[in-house]
Amino acid sequence: MPLNKQWKFTPSLPRRILSVTDLGSQIHRAVLQLIDASLPNRCLMCHQGIELGSGICPSCLNAVLYQTPSCLGCGRSLVVQTAYCGACMKQQPLKVVAPASYHHGIGEQVAAIKYQAQLAGLEAMTAALVRRVLALEQLHLIQRPQALVIVPLHPNRLRQRGFNQAWLIAESLSRQLDIPLIEDALVRIVDTRPQEGLTGKQRRRNLADAFRLKADFGYQRVAIVDDVVTTGTTAQTIAKLFEVDYIQVQVWCLARAEAPGLLEP
Ligand SMILES: [Zn+2]
Ligand SMILES: [Zn+2]
């Protein structure tokens, strides 16, 4: 079906959600086929020969994952894995589950997914996130969500980029953990400008009313999936939409950027 035909919106919101979702799925299925067809047999990081399809070799991957337990609130290193560090304990911020810090080597690979459509490392990084989820579950620090949702791209952005990296990650997580991915739960109704380079206040203003949650979302526990969490403004904006309906929210991502001041020199 020609793309431009798919993109003719009717003014009614339900129809609009439907056409965006249909197009998203079509594009994403095509992207998945492309990934399978284009995987290199060299590690993206050290360029050594590896088994076809694994993207990043185990020693490079292990080197960029968290080497110590870390706070689910702020990413700070901990001695023992608890949910929160002392500073986060009082406020109990949104739990962000990530296998790695954005600033310690994995950031480049995560950014390459989005900006260069370099998808070879996606499965290895997602598997690392799965291991992190299972470890935290075993420690009873998170509860398994009943559904996954992704941070949606506005249709204009989806058309430009051709895929939503969050969908690719969530689809893989959904398969590995057997948790349904609810593709049409959230819609991005405003085409916001990129968050990079904005102050906290500008970020919040930029995102105000950007998303809408489907009225009959029937789950009590949900994980929002994104490629990277930097300031957390996007995740918090979406979390609020769920929390007004008493839905428990956590965030899953491939890498998180710690709050400024927490990074070692
Ligand atoms: Zn390597
Ligand atoms: Zn903390």
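Taken together, the values in this text are just the output of simple stated rules run on the coordinates, not laboratory data. What you are looking at is a predicted structure, and each value in this text was computed from that prediction instead of being measured. All Cβ positions, glycine included, derive from the backbone under ideal geometry; neighbour counts span all protein chains shown.
Put in order of Cβ neighbour count within 10 Å, fewest first, the listed residues Met45, Met89 become Met89, Met45. Neighbour counts of other Cβ atoms within 10 Å put Leu52, Leu173 in the fewest-to-most order Leu52, Leu173. Counting every C-alpha pair in segment 56-120, the share spaced more than 15 angstrom apart comes to 57%.
Here Arg42 and His104 are evaluated by their C-beta separation; at R0 = 22 Å the FRET efficiency comes out at 0.50. Over all pairs of different C-alpha atoms, segment 138-259 has a mean inverse distance whose reciprocal, the Kirkwood radius, equals 14.9 Å. Applying both filters, DSSP loop and at most 15 other Cβ atoms within 10 Å, to the GluC sites (Glu not before Pro) of segment 140-239 gives Glu196.
Look at Thr82, Thr233 and count the other Cβ atoms within 10 Å of each Cβ; fewest to most, that gives Thr82, Thr233.
Classification of segment 119-174 by its C-alpha gyration tensor yields an oblate form. The axis ratio a/c (a ≥ b ≥ c) is 1.5 or more, and b/c is at least a/b. For segment 41-109, relative contact order (Cα pairs under 8 Å, six or more residues apart, normalised by length) works out to 23 percent.
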